[in-house]
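Notes to accompany the following structure.
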Amino acid sequence: MNPGEELCAAAKSSCDAQTQWSDPGMEDHIYSKGPTITCELHTPPPPELQHPVADSILESDADSLLYTGIPLTEFRTLVACLQPFAPASPSMPVVDQILMTLMKLRQNFVMADLARRFKISQGQVNKTVGMWVDIMCEHIKDLIVWLPRETIKATLPKAFKEHFANTTCVIDCTETVLQKPKNLDSRSESYSHYYENNTVKYLVAVSPSGVIMFISDAYGGKCSDRYITQNCGFLDYLRAGDEVMGDRGFTVRDLLEERRVNLIIPTFTRKGCQLTNEGVTRTRRIAHARIHVERAIRRLKVYKILSQTVPINLVPKIDKILKICAGLVNLRSELISSEH
């Protein structure tokens, strides 16, 4: 099944995600309403008669990758699949609404910039982006699929085939900086000592071939990797005999052993002791294999909404944004060749 067919198939299912961390000082779906001017001589034509801004912005794959994170063909397929779910009376062409939303996620443009590019008010930008994050998540999240064992084994890269042939997935936790919450309790919950900033933290599980198979909801930056692993739903996907690769920060061996799952992590060194030659070799091999999850996370953070600062008005939608970005990453070409 090609990416376009996967996307259209994904558009058929619907369920919602819950936010694990939120700022009580914020209310979802509250947007400022831009001023309106009624003038018969300057009334814009109906949306279907307007020339989409997208036509002048997206002229090549390079343009599409820059502004949406996906090639032009995949963008057009995305628009075709989402078109039936657009509101009945949009104020701008659907293709422009979708493009504007993806530009916010991909480049994290400020609302004033998007308002100028699409010739609408900032209030309309806020409302449109918020609406399409909801719609996109509902359908794109189904591109995040836990692969069958047979598929994982059939697509194992060389680095795994030789030394970690039973690996099901590679996991890591990563963080995204938030605009400082107004609520003091939320500031405390989301403060990350590692980043020395307010962040959300989430777990990503990637197949050995680089497909994002799971992305958790967002948790406050002060949460430990163990806490997130235990509570985010990831463990429910594991089966007896699976092997999970992580780094030393994942002190979850007991949680996995309860499910008869093996944890692969670098060898620990005791104080005053050096690693054996075997330990050094194993640690080096794990580090080489873990490069794959790091590459997948780098692709995820090509969406600057996740690598820069999430504005306060989009914090309530961060769970949905995570799933949209992960789904779009899976639309890209193969991350790792089976020969590497």
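One table, with the values for the structure above:
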{"quantity": "Computed FRET value (nearest 0.05) for PHE85 with ASN277, which takes r as the C-beta separation and R₀ as 56 Å", "calculated": "0.45"}
{"quantity": "Residue-wise HN-Hα coupling along the range 135-142, computed from phi with Karplus coefficients 6.51, -1.76, 1.60 (Hz; x: Gly, Pro)", "calculated": "5, 4, 4, 4, 10, 6, 4, 6"}
{"quantity": "ASN198 long-range amide H proximity, modeled H, under 5 Å", "calculated": "LEU178, SER192"}
{"quantity": "Zone of ARG187's modelled label, taken as backbone nitrogen in the range 302-322 under 20 Å from a point 7 Å along Cα→Cβ", "calculated": "309-316"}
{"quantity": "Nearest-0.05 FRET efficiency for ASP236 and HIS163, computed from C-beta distance (R0 35 Å)", "calculated": "0.80"}
{"quantity": "Packing rank of 302-311, 198-207, where each peptide gets the mean count of other beta carbons within 10 Å, highest leading", "calculated": "198-207, 302-311"}
{"quantity": "Gained length - ASP63 relative to THR267, 0.36 nm times residue gap less alpha-carbon distance", "calculated": "69.0 nm"}
{"quantity": "Likely footprinting exposure, ASP113, ASP217, ASP254, fewest C-beta neighbours within 10 Å first", "calculated": "ASP254, ASP113, ASP217"}
{"quantity": "Interchain or long-range residues, amide H under 5 Å from GLY210's placed H", "calculated": "none"}
{"quantity": "5 angstrom amide H check on GLY220, placed H, neighbours 5+ away", "calculated": "LYS201"}
{"quantity": "Three-way shape label, the range 67-127, alpha-carbon gyration tensor, a/c 1.5", "calculated": "oblate"}
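Every number in this text was worked out from the coordinates using simple rules, so none of it is lab data. This structure is a prediction, so every number in the text was calculated from the model and none was measured. Positions of Cβ are backbone-derived with ideal geometry, glycine not excepted, and every protein chain shown enters the neighbour counts.
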